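What follows is one structure encoded as structure tokens, with my remarks underneath.
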Amino acid sequence: MKKTLAILLSAVMVLALLAGCGEQKQPDTNDQGNTDASELNVGVFYYDFSDVYISSVRNSMNSQLDAMGVKYNNFDGAGNQAQQTDQINTAIANGANLLIVNIVETSSPDAAQNAVEAARTAGIPIIFFNREVADEVVSSYDKCAFVGTNAPEAGHMQGQLVGEYLLAHYDEVDLNGDGQITYVMFKGQEGNAEAEARTQYGVEDANAVLIEAGKPELEYFMGADAATKYQVDPNGSWSSQAGFDFMSTNLSSYSEANGNMIELVICNNDGMAEGAVSALQSAGYNTGEEGSKSIPVFGVDATDSAKALIKAGQMTATVKQDAVGMAETITALVGNVSGGAGLMDGINADGGYNVDLNEDGSVKVNKIRVPYGIYDANSED
């Protein structure tokens, strides 16, 4: 009896340990149509569960993997690369035969390359997603692919969106009537490809639209001599809290009363945009009420909460990063693995996928790009 009890307790402890690493889902063993898929043991590694956009991807991925009858475990890196690396190694030791990785560290290729080497040693495929990894990392292993976006595209689209909005509402936005729009840029993280592109092109492309129309360039609210023309989340977590804190502090010195009010807010993502909106609302702006003053706020992602703010007239617009489309593309690769096909089989223009190509049309690297879109008050969900 004691021996039986000890065995049962040991089993419970093992299950508890697995649960502590993340979310575990088992396949439906009664679904005879997913026999091959049920042989997969997938580790899905997210850089941070608290990221709103990543949560949208995770929810969509869970639904699609469930529908495929795939066994998977979700792991929260919590923004810590060492923790995520340990999770990857432990998952492989516990029998994972496919890795899906939203890498934490993007300023250096080392973490992603280490994950590839771990997958290569185990002889299993690895799919990176969302946070860009270097071409040479993906090309270093024939069972590796990346699913993401074209990093500069969001910045270009946001800049065009901002510029066109300003031309349509210039006098309304120019609160102090000096003929020039002052802005603040909230950056999600230093060294991240998406953050760098959005920070650069979100302003450059807006300026191009303004200059073409005979308007002056945007003016950074701290002046032309500011060391950097953005404020970056100190934790690199693209958080709404950072957006709120920055905007609240800025409003204490830059206001209509002082004649130097920030007239435009451009953010790398919707989380920071939502924080900025909350701070503006605390100061009496962006309430969505008829006749109230509103500071234009632009983001990227089109999260459900940001879309609600836009529909309520409290946020201006965002660049849609398609969470469902990203999950669908990833699970298309999972389907290839489960069916015994090559990782990239059928993943091409004929199949509706945008793959990085050389000038001669051959595949440059196994990177699939999910297109962006625009979401504003006139968009449909």
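Listed values, structure above:
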| item | result |
| --- | --- |
| Max mean-square fluctuation residue, GNM over the chain, Cα-Cα springs under 10 Å, options Gly299, Gly214, Gly325 | Gly214 |
| The stretch 53-113-the stretch 288-330 distance, computed between alpha-carbon centres (Å) | 27 Å |
| Length released on extending from Ala67 to Ala168, taking residue separation times 0.36 nm less the Cα-Cα span | 31.8 nm |
| Virtual spin-label span in nm between Ser50 and Thr121, 7 Å along Cα→Cβ | 3.1 nm |
| For the stretch 307-318, Karplus couplings with θ = phi - 60° (6.51, -1.76, 1.60), whole Hz, Gly/Pro x | 4, 5, 5, 5, 5, 8, x, 9, 9, 7, 6, 8 |
| Most mobile of Ser362, Ser338, Ser140 in a GNM of the chain (Cα contacts under 10 Å) | Ser362 |
| The chain, relative contact order in percent, only Cα pairs under 8 angstrom and at least six apart counted | 15 percent |
| Computed label-point distance, nm, for sites Glu256 and Asn59 using a 7 Å Cα→Cβ extension | 3.5 nm |
| Mean Cα-pair separation over length for the stretch 152-314, i.e. relative contact order, pairs under 8 Å, 6 or more apart, % | 25 percent |
| Length gained when the stretch Asn89-Lys311 is fully extended (0.36 nm per residue, less Cα-Cα span) | 75.5 nm |
| Restraint check, Lys307/Lys364; Lys71/Lys364; Lys215/Lys364; Lys71/Lys187; Lys215/Lys293, Cα-Cα greater than 29 Å | Lys307/Lys364; Lys71/Lys364; Lys215/Lys364; Lys71/Lys187 |
| Whole-angstrom gap from the stretch 198-263 to the stretch 143-168, using each part's C-alpha centre | 18 Å |
| Extended-chain gain in nm, criterion 0.36 nm per residue less alpha-carbon gap, Asp345 and Asp110 | 81.8 nm |
| Dipole-positive endmost among Ala208, Val147, Asn102 within the chain (Cβ charges, Cα centre) | Asn102 |
| Rounded D (µm²/s) - the stretch 152-314, Kirkwood Rh over Cα pairs, Stokes-Einstein at 4 °C, 1.567 mPa s | 83 µm²/s |
| Overall Cα dimensions of the chain, principal axis frame, Å, largest first | 80, 60, 39 |
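Taken together, the values in this text are just the output of simple stated rules run on the coordinates, not laboratory data. Note that the structure is a prediction, hence the values are computed from the model and not measured. Ideal geometry is used to build each Cβ from the backbone, glycine not excepted, and the neighbour counts take in all protein chains shown.
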